[in-house]
Amino acid sequence: MMRRDPLRRILVLDDFGAAAPGAADWSGLPVAFLHDKLDAAQLVARITAEAADAVVLIRERSAFPADLARRLPGLRLVVTTGMRNRVLDLGACDAAGIAVCGTPSLASPTVELTWGLILALARGIPEQERRLRQGGWQQGAGLGLEGATLSVAGLGRIGAGVAAIGRAFGMRLLAWSPNMTEATAAAAGAELVGKAELFRQADILTLHLGLGPATRGIVGAAELGLMRPGALLVNTARGPLVDQAALIAALRSGQLGGAAIDTHEPEPLPPGDPILQAPNTLLTPHLGYVTRQNFQQYFNGVVACLRAWNAGAALPLPLNDAARA
């Protein structure tokens, strides 16, 4: 067994919905749950005041850049839910001697939410429900899915899951990503096309790309201008994949028939954000991964890591060299 001092204080950050306490057995662990969003200065102050030597990050709600790692000399362990966290600097944690672990996660919750948004947007469910409550009745006609073209940008676990359900609806499937092969597209039952054709032929475009320098703003005015008038866009991947100003302009002009967006930048979305006033939008507060089952996966994994640390055992799902030492 490895020689480690037991953790003195563990802070679970950004537990906005107070979901973490009931999702796992935290008994015997010196843990506190923070339910408010803290900026970097507040975060350093709180971790320092609590003398916390471990923090738990829920996905990418709080960034953990190099500067933060350097300002927390007493921190020994970071556990992030899931296995990828683009706002967590693993190299800086290694340099500061901070071990980082991940947890298991499910792809199905985001697939399910994507289809909830597609169906709600295609059939105008929120607007039709609002009219009914106000004493009105049906107005207009929604988009039927059978025979419609679903363009899928990215065929990882989530994109492939979304495509499978599109097949069940009898949709025509097109797919593209910067490095996609014909074999990958065929395995998902989709036809590989070029980027321009993905946009040009879409009745519904759904985004499932990772965010990086090459994909930030990958959907801009030029791409949106290729889409059929009235086509729909769904983004449950990362907000910055889409140029927000271009998206709002396309919605206001009617080029786009609607957009459903689950991921935003920044998060939480500030009250005055322009997207809140854009027409024909369905907005959700990053619910893609938020299910009871997925939170159980997350926080059982967190607790397993914390208990392994205290027992001096090998850490499950290590993400950096400090966690493997």
note = Taking Lys and Arg as +1 and Asp and Glu as -1, residues besides residue 217 with C-beta under 15 Å from its C-beta add up to 0
inquiry  = Can you give me the % of accessible surface on the chain that is carbon or sulfur? Probe 1.4 Å, all protein chains present, nothing else counted.
reply    = 54
query = Once phi is turned into ³J(HN,Hα) by the Karplus curve 6.51 cos²θ - 1.76 cosθ + 1.60 with θ = phi - 60°, what whole-Hz value does each residue of segment 268-277 show in order, with x for glycine and proline?
reply = x, 5, x, x, x, 4, x, 5, 5, 9
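If packing is taken as the mean number of other Cβ atoms within 10 Å per residue, what is the order of 62-69, 222-229, highest first? Kindly include the intermediate steps, with their values, before the conclusion.
Numbers: 62-69: 18.2, 222-229: 16.8.
For the peptides 62-69, 222-229, the packing ranking is 62-69, 222-229.
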query = With a Cα-only, solvent-free Debye model of segment 192-319, what are the log10 I(q)/I(0) values at q = 0.20 Å⁻¹?
reply = -1.10
key: segment 107-213: chymotrypsin sites (Phe, Trp or Tyr not before Pro) falling in loop per DSSP and having at most 11 other Cβ within 10 Å   = 137
key: Antiparallel DSSP beta bridges within the chain, percent to nearest 5   = 5
query = Which of 279, 250, 79 sits closest to the plus end of the dipole of the chain, meaning its Cα is farthest towards the positive end, when Lys and Arg get +1 and Asp and Glu get -1 on the C-beta?
reply = 79
request  = Compute the separation of the alpha-carbon centres of segment 263-325 and segment 77-101 and state it in Å as a whole number.
outcome  = 13
request  = Show me 89-100, 181-192 ranked by packing, highest mean number of other Cβ atoms within 10 Å first.
outcome  = 89-100, 181-192
request  = May I ask for the angle, rounded to the nearest 10°, between helix 40-49 and the longest principal axis of the chain, with both axes built from Cα atoms and the value confined to 0 to 90°?
outcome  = 30
request  = Hey, can you grab everything whose amide H is under 5 Å from the amide H of residue 258? Only 5+ residues off in sequence or another chain; H modelled, so Pro and N-termini drop out.
outcome  = 233
key: the chain, helix-only ellipticity at 222 nm - DSSP H runs n ≥ 4, -39,500 (n - 2.57), divided by all residues, nearest 500   = -9500 deg cm²/dmol
ask   = Considering the chain, which cysteines have no disulfide-compatible partner, defined as another cysteine with its Cβ under 4.7 Å away?
value = 93
remark   = Which residues qualify? For residue 191, with a placed amide H closer than 5 Å and at least 5 residues away or on another chain, they are 173, 174, 175
message = Run the paramagnetic zone check for residue 146: 7 angstrom along Cα to Cβ, then residues of segment 169-209 with backbone nitrogen under 14 Å.
response = 169-172
query = Once phi is turned into θ = phi - 60°, what whole-Hz ³J(HN,Hα) does the Karplus curve with 6.51, -1.76 and 1.60 give for every residue of segment 221-231, x standing for Gly and Pro?
reply = 4, 5, 5, 5, x, 7, 6, 4, x, x, 5
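In Å², what does the accessible area per residue of the chain work out to with a 1.4 Å probe?
On the way: 14810 Å² over 325 residues.
Using a 1.4 Å probe on heavy atoms only, each residue of the chain averages 46 Å².
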message = Take residue 84 and residue 129, extend 7 Å from each Cα along the Cα→Cβ direction, and tell me the distance between the two endpoints in nm.
response = 3.1
query = What list of ³J(HN,Hα) values in whole Hz, one per residue of segment 109-120 in order, does the Karplus curve 6.51 cos²θ - 1.76 cosθ + 1.60 (θ = phi - 60°) give from phi, with Gly and Pro shown as x?
reply = x, 6, 4, 4, 5, 4, 6, x, 5, 4, 5, 5
query = Once the Cα atoms of helix 157-168 and of the chain are each reduced to a long axis, what angle between those two axes, in degrees from 0 to 90 to the nearest 10, is obtained?
reply = 30
message = Show log10 I(q)/I(0) for the chain at q = 0.13, 0.15 Å⁻¹, two decimals, from a solvent-free Debye sum over equal Cα scatterers.
response = -0.99, -1.18
remark   = Among the Cα-Cα pairs of segment 237-312, the proportion with separation greater than 16 Å, in percent, is 61
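The values are calculated or read from the model by the stated rules, or taken from the named source; none is laboratory data. These numbers come from a predicted model, not from an experiment. Methodologically, a virtual Cβ is constructed for each residue, glycine included, from the backbone with ideal geometry; neighbour enumeration extends over all protein chains shown. Just the protein is used for accessible areas: all its heavy atoms, side chains included, with ligands, DNA and RNA removed. Shrake-Rupley method; radii C 1.70, N 1.55, O 1.52, S 1.80 Å.
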